[in-house]
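The values are calculated or read from the model by the stated rules, or taken from the named source; none is laboratory data. What you see is a predicted model; the values in this text were computed from it and never measured. Virtual Cβ from ideal backbone geometry, glycine too; neighbours counted across all protein chains shown. Surface accessibility is based on the protein's heavy atoms, side chains included, excluding ligands, DNA and RNA. Shrake-Rupley method; radii C 1.70, N 1.55, O 1.52, S 1.80 Å.
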Amino acid sequence: MDFLDKYKYHKDDPSEFGIDLKEFKKNSNELDNSHLSNLLTNSVRVSKEILPKVGTAIETVFKRIKIENNFNFFVTADNNQANASCSLMSSASRPDIVLTSRLIELLSLEELQFVIGHEVAHFVYQHALYPNHNNVDDRNLKLNILNLSRAAEISADRIGFLACNSLEDSLRANFKLASGLSDKHFNFKPSTYLDQLRDLEDLGKSSTELWSTHPSFLIRMQSLIWFSMTKEYHEFFDNKKKGTYNLREIDEKLDIKIKKITGDELEISNKEIYEKALIWGSLDIYLSDKKFSKIEQNEFASRFGKKANKAISLLKMSSARDMLDKKIDISFTEASKLLKTEKDKLVEELKTVGKETGGDKMKKLKILGKLLNILGIKKPVSF
Ligand SMILES: [Zn+2]
């Protein structure tokens with residue numbers, strides 16, 4: 001199934017949260033049958049005999065995306081919600097996909113293939129192992145997790161698209177799920193939805209989007225339209241067409257579009273956390289020899305500009321060391337929840353500070369080791 005990895009949206013990257021999916025695949029072998037028994041009691045298990053439409057859609061999906069069907073499919077009575085969900089208790093058990101009756105009533109066979117492919121992707125990409133924003137109090141971390149969660153939906157949509165092999169049906173499925181409307185009520189014109197997306201962009205930022213687990217259907221439709229223009233998509237079906245973009249370019253276009261809708265609140269907050277840790281950590285390194293000469297102070301000021309003055313003035317207080325320790329503890333604990341890329345960058349910058357300041361190298365390395373420890377980075381440090 002790894003051949004599907006290359007279709008992932010690049011922001012759908014759990015390693016940024018310290019999650020190694022390969023480790024999970026190796027270690028998880030506990031079985032939980034209570035979930036399955038609940039489904040068998042209250043839902044209808046899909047077979048081609050009793051549910052030919054759904055059965056055929058499932059069969060087509062697995063043929064198209066070229067993976068083995070080791071899933072349990074169920075239909076559950078729900079006339080209000082058109083949705084589907086994929087749950088897996090562990091990678092050793094069979095994953096279950098549950099479709100609501102309303103979903104099946106609402107969608108055509110092809111649109112259903114999109115939704116099934118989307119749910120299968122959640123299993124293939126092991127999205128169930130991602131951190132849950134509900135279990136986190138830290139606002140910044142919560143927002144970073146929600147970003148990951150929305151990125152996972154973009155990835156799953158791409159597999160949904162490959163599963164139905166039709167842009168129009170993928171878009172229609174998205175539209176129907178967002179509006180709840182069936183065919184008889186709407187004229188399908190993607191350009192009008194893209195107008196709506198532009199209106200949303202013009203508003204600047206949407207905190208609804210920022211706090212959502214799923215991206216707006218407008219973003220998802222735009223993302224699918226771009227995906228249909230990629231070299232990778234055409235290659236998957238051995239189409240003669242070459243495609244206008246490669247996936248990397250589409251991912252970047254999407255980054256820009258998404259940022260316009262979600263705004264830069266999270267980016268600013270990540271940056272503030274990063275900068276606080278950098279300045280207090282650097283000051284600690286400067287003080288490794290318990291001295292802070294005028295030359296060093298000037299150097300520090302030219303490195304950090306205005307913010308340096310505040311840090312330097314703290315040192316004039318009688319309880320300076322205690323205060324600094326507190327600042328370091330708070331700022332590095334916050335920084336420990338940043339994305340891995342950010343933390344790695346922070347460590348590199350601190351190493352540069354260590355390299356360029358005077359004083360005993362061993363003492364500076366010891367301080368760096370302490371800072372990395374708060375960040376949760378276990379590897380040895382040197383410069
Ligand atoms: Zn989903």
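Couple of notes before you dig in:
- Test: Phe217 is buried (at least 16 other Cβ atoms within 10 Å of the Cβ), free of Cβ contacts under 8 Å to residues at least 60 places away in the same chain, of a type outside the set (D, E, K, R) and within 16 Å of the ligand (Cβ to nearest atom): yes
- Residue count for the stretch 337-381, restricted to those that are touching a residue at least 60 places away in the same chain (Cβ under 8 Å), open to solvent by less than 30 Å² (accessible area, probe 1.4 Å) and among the β-branched types (Val, Ile, Thr): 3.
- Set Lys253, Lys310, Lys327, Lys257: member being in a helix (DSSP H, G or I), open to solvent by less than 40 Å² (accessible area, probe 1.4 Å) and not acidic (Asp, Glu): Lys257
- Residues in the stretch 303-329 that are touching a residue at least 40 places away in the same chain (Cβ under 8 Å) and not charged (D, E, K, R): Leu324, Ile328.
- Cβ-Cβ contacts under 8 Å between residues 6 or more apart (or on different chains), taken from a first residue in the stretch 119-132 that is of a type in the set (Asp, Glu) to a second residue that is near the ligand (Cβ under 10 Å from one of its atoms), are listed as Glu119/Ala84; Glu119/Ser85; Glu119/Cys86; Glu119/Ala156.
- Test: residue in the stretch 74-93 that is charged (D, E, K, R), more than 13 Å from the ligand (Cβ to nearest atom), open to solvent by less than 10 Å² (accessible area, probe 1.4 Å) and under 21 Å from Gly55 (Cβ atoms): no
- Asn270 vs. criteria farther than 17 Å from Ile367 by Cβ, of a type outside the set (Phe, Trp, Tyr), assigned to a helix (DSSP H, G or I) and open to solvent by 30 Å² or more (accessible area, probe 1.4 Å): no
- Answer from Ile67, Ile50, Ile104 - the residue that is open to solvent by less than 70 Å² (accessible area, probe 1.4 Å), away from the ligand (no atom under 16 Å from the Cβ) and part of a loop (DSSP other than H, G, I, E, B): Ile67
- Residues in the stretch 108-123 include at least one that is within 11 Å of the ligand (Cβ to nearest atom), over 18 Å from Met229 (Cα atoms), open to solvent by 20 Å² or more (accessible area, probe 1.4 Å) and of a type outside the set (Ser, Thr, Tyr).
Conditions tested, residue by residue: (1) without any contact (Cβ under 8 Å) to a residue 12 or more places away in the chain; (2) surrounded by 13 or more Cβ atoms within 10 Å (Cβ to Cβ); (3) among the hydrophobic types (A, V, I, L, M, F, W, C).
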site	(1), (2), (3)
Phe175	no, yes, yes
Asp199	yes, no, no
Met229	no, yes, yes
Phe237	no, no, yes
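- Checked against the criteria, Leu167 counts as more than 13 Å from the ligand (Cβ to nearest atom), crowded, with 16+ Cβ neighbours inside 10 Å and either touching a residue at least 12 places away in the same chain (Cβ under 8 Å) or not aromatic (Phe, Trp, Tyr) (or both).
- The stretch 124-159, subset of a type in the set (Asp, Glu) and more than 23 Å from Arg248 (Cα to Cα), residue surrounded by the fewest Cβ atoms within 10 Å (Cβ to Cβ): Asp137
- Members of the stretch 261-281 that are under 23 Å from Asp202 (Cα atoms) and without any contact (Cβ under 8 Å) to a residue 24 or more places away in the chain: Glu267, Ile268
- Residues of the stretch 239-250 classified as touching a residue at least 40 places away in the same chain (Cβ under 8 Å), open to solvent by 20 Å² or more (accessible area, probe 1.4 Å) and not basic (Lys, Arg), total: 0
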